[in-house]
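Chemist: Can you keep this structure in mind? I'll have questions shortly.
Read the figures in this text as sums done on the coordinates, not as results from a lab. As the structure is a computational prediction, the values presented were derived from the model and not from experiment. Methodologically, a virtual Cβ is constructed for each residue, glycine included, from the backbone with ideal geometry; neighbour enumeration extends over all protein chains shown.
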Amino acid sequence: MPDAIKRAVYDRDGGRCSYVDDRGNRCPETGFLEFDHIAGFARTHVHDVNAIRLLCRAHNQHAANQLYGRTFMEAVLNRSQ
Ligand SMILES: [Zn+2]
C-alpha cells in the first residue's frame, strides 16, 4: 500500500481504530492499528482511501471473521446444492 494512502487514511481516522459498535461508541484504541480494506483486499485489489480504514488488531480480526466467515459459508452452501 502506498505511503500517501496510509497517511491519508491515518489522518482521516485520527490515528484511532474506526470501529463503531451497535450503540455508536467508537473504539478508543490508538495502538496496534492495522489498515483494513473494507471490501476485502483479496476481492478488489485496489488501494482506495475510501475503501480503507484503521482498525485495532482485535477489530481487524473481528471484521475478517465476519467477511471471510460469510464467504466460507456461502461456498459451503453452494457446494451442497
Ligand atoms: Zn478497535
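Chemist: Order of Asp21, Asp13 from fewest to most other C-beta atoms within 10 Å?
Modeler: Starting with the residue having the fewest Cβ neighbours, the order is Asp21, Asp13.
Chemist: Ala39 to Ala8: extension gain in nm, 0.36 nm per residue of separation minus the Cα-Cα distance?
Modeler: 9.4 nm
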